[in-house]
1. Looking only at segment 220-238, filter to residues that are modelled with pLDDT of 90 or more and not in a helix (DSSP H, G or I); which one of those is nearest to residue 290 (Cα to Cα)?
2. Looking at (1) farther than 30 Å from residue 149 by Cα; (2) crowded, with 16+ Cβ neighbours inside 10 Å; (3) not assigned by TED's automatic domain parsing to the domain that holds residue 298, can you tell me which one residue 185 breaks?
3. Checking residue 207 against (1) in a helix (DSSP H, G or I); (2) at pLDDT 75 or above; (3) under 29 Å from the mean Cα position of the chain (by Cα), only one condition comes out false. Which one?
4. Tell me, yes or no, whether segment 239-260 has at least one residue that is farther than 23 Å from residue 318 by Cβ, in contact (Cβ under 8 Å) with a residue 24 or more places away in the chain and not in a loop (DSSP other than H, G, I, E, B).
5. Suppose we filter segment 67-94 for residues that are free of Cβ contacts under 8 Å to residues at least 12 places away in the same chain and under 17 Å from residue 129 (Cβ atoms); how many remain?
6. Kindly list the number of the only condition in (1) within 30 Å of residue 244 (Cβ to Cβ); (2) part of a helix (DSSP H, G or I); (3) at pLDDT 75 or above that fails for residue 155.
């Protein structure tokens, strides 16, 4: 979200809280008590009122209302308003007593009036705060959709400009495949995997979302082709779940992580010390996880980073921000000679 939007939102919130403070002061003002003491007590009430307002807009909205759990959302709002009313009455009342020496626990009718008044104020503030957050979220979603559409158009144009080259390679690979002697199964298998990768780029990645099984098959082919250039004895492991289920993700999100690991893997003299582990699995609550660990040469790492633009990972982070806002995370962990990256994506069946 832009700095201008954040400043505007802060200004609106500040203005509304100032209005609420003077509104409360007007209704509970006692001309026989000191103004400053009442004003400070009113600020305390306003502060307590802010708690359920922000709790509802930041927690209850995304967890309940946006998931269409309307009944639970309304019940949670009423419970938050009631709980905060009790806390506000007793704590603010005790605070006011310490300042002025006057108790607000006098007549039953007065207690009922203040209790009902605070409850209505809490409900109103929660409703207004939630409405403002819904408007802000709606505006943010429209902005993100616009950015996604712009990004999609740019990607499609770039894809169309480059499409002739993959088509050419695809046809050439088919020719080479049939020119290889049938007894050379390894070479035929390698060409076939490379051909399947190109087919995936050309025909399967034209949609916004793709089944996870197709994405994983592409990664398997990519790893198999990369393994051809690795020195014999390299510790390369790829672990995939036996049954990951069927769900869709945006295509080519895993590739930049795997590609980066192959690019920066160490080249120790003992091949068994060069390690690359790829683990892909699914957690509860619809979390898809990709974990990639590779060894690297600590002496050459700085030079490698300087010569690397990191464009693939930057593009990945940009795509994730547009496609999975607030529903993904990338963590990186580096030790003396290992580098680990973990990607988590919240998906929906």
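1. Taking the candidates together, the pick is 238.
2. (2)
3. (1)
4. Yes, because at least one residue in segment 239-260 is farther than 23 Å from residue 318 by Cβ, in contact (Cβ under 8 Å) with a residue 24 or more places away in the chain and not in a loop (DSSP other than H, G, I, E, B).
5. So the answer is 2.
6. It is condition (3) that residue 155 fails.
The values are calculated or read from the model by the stated rules, or taken from the named source; none is laboratory data. Everything numeric in this text was worked out from a predicted model, so none of it was measured. Cβ atoms come from the backbone with ideal geometry, glycine included; neighbour counts cover every protein chain shown.
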